[in-house]
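Here's the structure, in structure tokens; my notes come after.
The values are calculated or read from the model by the stated rules, or taken from the named source; none is laboratory data. Note that the structure is predicted; figures quoted are calculated from it, not measured. Cβ placement follows ideal geometry from the backbone for every residue including glycine, while neighbour counts extend to all protein chains displayed.
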Amino acid sequence: MTQKHDKIAQDLQEVILEGYSEKFKNEFLKPKNIGKIKDSDSYVSITGVCGDTLEIYLVIRDGKISDIKFITDGCGATITCASYVTRTAKGKSLEEALRIKPEDVDKYFEGLPEEHKHCAKLAVITLTAAIEKYRNKLNKQMNRAKAKISRRKHRAK
């Protein structure tokens with residue numbers, strides 16, 4: 001009975017992935033970076049126009065994304081696009097990661113179906129928001145440090 005179920009699952013998978021590129025199928029079948037990061041430097045959750053919610057967690061070391069994970073309640077295309085975007089961003093500087101565009105995702109997968117192009121956009125927007133949140137946090141820390149130094153200088157006079 002198990003072989004019969006395996007065959008049914010394989011046939012179903014082939015039907016679902018019909019028309020997608022081999023790159024898409026490979027990413028879909030073996031997505032990377034799924035999970036949460038407990039002590040991340042940045043975390044965001046964004047819900048796309050289709051209702052899929054994507055969460056991205058970042059760890060930043062020396063200005064580079066040293067670890068990145070995602071979770072989603074979304075469809076296979078959202079998982080696949082998020083996997084590609086996080087895999088591409090990992091190890092890159094923040095500036096390099098911000099250069100990832102939905103068109104890059106679409107091109108890598110040799111064209112996403114029109115009804116799933118928004119999944120690439122959701123993955124990129126969520127990555128961008130996580131980076132911007134991290135930068136805003138850093139700016140606030142810098143401003144507090146500057147204010148503290150300024151108060152010390154003022155007291156010393």
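Considering only residues of the range 44-103 that are touching a helix residue (DSSP H, G or I) at 6+ places or on another chain (Cβ under 6 Å) and among the aromatic types (Phe, Trp, Tyr), which is farthest from ASN136 (Cα to Cα)?
My answer is TYR84.
Just give me the residues in the range 116-147 being farther than 13 Å from THR47 by Cα and of a type in the set (Val, Ile, Thr), in sequence order.
THR128, ILE131
Within the range 1-54, which residues are crowded, with 18+ Cβ neighbours inside 10 Å and acidic (Asp, Glu)?
Of everything in the range 1-54, those that are crowded, with 18+ Cβ neighbours inside 10 Å and acidic (Asp, Glu) turn out to be GLU27, ASP41, ASP52.
Of all the residues that make up the range 91-131, how many are in a helix (DSSP H, G or I) and either closer than 20 Å to THR72 by Cα or in contact (Cβ under 8 Å) with a residue 24 or more places away in the chain (or both)?
Within the range 91-131, residues that are in a helix (DSSP H, G or I) and either closer than 20 Å to THR72 by Cα or in contact (Cβ under 8 Å) with a residue 24 or more places away in the chain (or both) number 24.
Pull up the range 101-145, narrow it to residues that are among the charged types (D, E, K, R) and in contact with a Lys or Arg (Cβ under 8 Å, 6 or more places away or on another chain), then point me to the one that is surrounded by the fewest Cβ atoms within 10 Å (Cβ to Cβ).
My answer is GLU110.
Within the range 21-41, take every residue that is touching a residue at least 12 places away in the same chain (Cβ under 8 Å) and touching a Leu at 6+ places or on another chain (Cβ under 8 Å) and give me the one that is nearest to LEU138 (Cα to Cα).
ASP41
Hey, does the range 56-74 have a residue that's buried (at least 20 other Cβ atoms within 10 Å of the Cβ), in a helix (DSSP H, G or I), modelled with pLDDT of 95 or more and hydrophobic (A, V, I, L, M, F, W, C)?
No, the range 56-74 contains no residue that is buried (at least 20 other Cβ atoms within 10 Å of the Cβ), in a helix (DSSP H, G or I), modelled with pLDDT of 95 or more and hydrophobic (A, V, I, L, M, F, W, C).
Exactly one condition in (1) of a type in the set (Lys, Arg); (2) modelled with pLDDT of 95 or more; (3) closer than 29 Å to LEU12 by Cβ is not met by LYS90; state its number.
Just one mismatch for LYS90, condition (3).
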